[in-house]
């Protein structure tokens, strides 16, 4: 599998294969981090399920339920592989990348909803990009297969969240906010320390 095509991706920074080679050196730590990200993604979708804007948004609950179901299935796949390899989850997990992105969310019903959808879209988009790079770099067949499978799903979730944002607010406003978020994401990711995490930074040797 080759890394995600940047002609199709709006991300403003590219993850090098060297990043994947570095984080794959500690696969258990990477799987632990990944498992927690899937858990948080499922929780986010469940929380968003009752945050439709206005009186009602047709299809909102069904969409969020489907995303939550996908993320829970991903969590099961990752934890199954982690336990099979002798790893275990801890009780606490921090993701400064996602936390910094969530600080961009505005107050107010529409602004909050749109921004939460866009932050979710960006996290899914970056995760898909990272999975494509991991699948391309992994010499471990199980890991390569795992990340190859999850890439398509995360890419689909990114499109779902972005489409919902454009459904609940004027497209021009959403697109302007999306461009701002992409700029901020590139800055936030570049500031992350390196390490065996899906959203870690990369320091060239």
Output the number of the condition that residue 115 fails; it satisfies all remaining conditions of (1) in a helix (DSSP H, G or I); (2) within 17 Å of residue 198 (Cβ to Cβ). (2)
Only one of 176, 152, 135 is under 24 Å from residue 29 (Cα atoms), in a helix (DSSP H, G or I) and free of Cβ contacts under 8 Å to residues at least 60 places away in the same chain; which? 152
Considering each of 201, 195 in turn, give the residue that is closer than 19 Å to residue 17 by Cβ, without any contact (Cβ under 8 Å) to a residue 24 or more places away in the chain and assigned to a loop (DSSP other than H, G, I, E, B). 201
Scan segment 103-138 residue by residue and report those that are more than 19 Å from residue 10 (Cα to Cα) and surrounded by fewer than 18 Cβ atoms within 10 Å (Cβ to Cβ). 103, 105, 106, 107, 108, 109, 110, 111, 112, 136
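Each reported figure results from applying straightforward, stated rules to the coordinates on display, with no laboratory input. The model shown is predicted, which means the values in this text are computed figures rather than measured ones. Here the Cβ is made from the backbone with ideal geometry for all residues, glycine too, and neighbour counts use every protein chain on show.
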